[in-house]
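The values are calculated or read from the model by the stated rules, or taken from the named source; none is laboratory data. All values derive from a computational prediction rather than experimental measurement. Cβ placement follows ideal geometry from the backbone for every residue including glycine, while neighbour counts extend to all protein chains displayed.
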Amino acid sequence: MGGGAAIDADFVIPSPFDPIGEYENSTVSFFEINHGHQIKRFSIGYGLQFSKNNFSHGFVKVAIWGGDTVKYTGVEDTLDYDIIENRIGINLKTKFKITNFFQLGLNYMPSFINADNFHDFHYTHLGYFNLIVTINIKPSKKVEARNNLNRNYIANLK
């Protein structure tokens with residue numbers, strides 16, 4: 001079980017970005033339920049996903065007023081469309097365990113069903129790579145055994 005969010009941007013942070021002209025934006029947030037299999041360092045999984053997709057398209061232009069001299073520069077943003085869809089589909093994922101702390105994954109989430117209108121069937125998908133960092137909160141069995149020995153030793157001293 002898991003979830004996440006993604007954004008499709010026309011720029012890479014921290015590069016400078018000039019927003020003048022036509023633009024398209026898309027964002028997605030999703031929740032997934034998986035069943036997986038582990039084969040040595042590889043794991044593969046499949047399951048169901050629910051996603052909320054937002055697509056927008058617009059145009060940003062600069063207007064200059066004042067004749068020959070620039071007195072004011074204004075920015076006008078015209079939004080052509082903004083579509084929000086709730087989608088249901090499947091998810092397919094694979095991960096490779098690089099070390100005990102790092103994994104590299106590939107996820108593919110196709111969907112055909114619009115949860116807002118079940119008669120609206122069309123294909124959308126989300127695919128992405130991810131780097132997974134694992135932090136163990138629970139101590140390992142060796143650390144736990146050492147702590148138990150220390151507790152027993154202290155209890156015997158009393």
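Checked against (1) of a type in the set (Ser, Thr, Tyr); (2) modelled with pLDDT of 85 or more; (3) touching a Gly at 6+ places or on another chain (Cβ under 8 Å); (4) surrounded by fewer than 11 Cβ atoms within 10 Å (Cβ to Cβ), Ser111 meets all criteria but (4). Taking the listed residues Thr73, Thr94, Thr99, Thr69, the one that is out of contact with any His (no Cβ under 7 Å at 6 or more places or on another chain), loosely packed, with under 14 Cβ neighbours inside 10 Å and modelled with pLDDT of 70 or more is Thr99, with no other qualifying. Kindly indicate whether Glu32 is charged (D, E, K, R) and modelled with pLDDT of 75 or more. Yes, satisfied.
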